[in-house]
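Take a look at the structure set out below.
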Amino acid sequence: MTITTITRRKPAKTTIIPRRSDLDDKAADRAKLAAFAATMGASKTSLKRDACGDWTITGLIGHISTDGSEIYAHLSCSRARAWTSAKSRLSFATLSQDGDTEGVLKIDRSLMAGQAETLRTTLRIRKARAMDEAALEALTVARQRKQIEACYSAG
């Protein structure tokens, strides 16, 4: 009677190395969306990566993304009536996909100030705070003071 032992092999480690072109594409997408966010008056924190690692401008009920050449706005409403209302407000964009309560709009031209504001408010994207140098300095001093107070209160 022979006893055989089975040794389990560990699976080989595989690392996915992104191609250089993918990194360049994502950097270009980020630059394009950052410029678009500045045009809309969106907060810098609204520009984020999604689950796939692509850059998007994120709002509460939608997001803006790009495919490299065009900019798309995806909007997901809670009701069909809200979606219909949003479509009429965003009539300056081309409707690409139309669902019952959601859809995709293609932004194929540069937006005027009112249109950019309408897009930002419809997608509920956070607005950037306009600050001059004095207000920015006062905010920096207040943040430093708060950090110092936290250090003294902990001990």
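The values are calculated or read from the model by the stated rules, or taken from the named source; none is laboratory data. It should be emphasised that the depicted structure is a prediction, and the values quoted were computed from it without experimental measurement. Surface areas here come from the heavy atoms of the whole protein model, side chains and all, with no ligands, DNA or RNA. Shrake-Rupley method; radii C 1.70, N 1.55, O 1.52, S 1.80 Å.
Counting protein heavy atoms only, segment 45-106 has 47 percent of its accessible area on carbon and sulfur, 1.4 angstrom probe. Straight-line cross-link partners of K127 among the aspartates and glutamates, defined as a Cα under 15 Å from its Cα and at least 8 positions apart when in the same chain: E117. On a per residue basis, segment 24-142 carries 60 Å² of accessible surface, using protein heavy atoms and a 1.4 Å probe. Of M40, M112, the order by accessible heavy-atom surface (1.4 Å probe, DNA, RNA and ligands excluded), from most exposed downward, is M112, M40.
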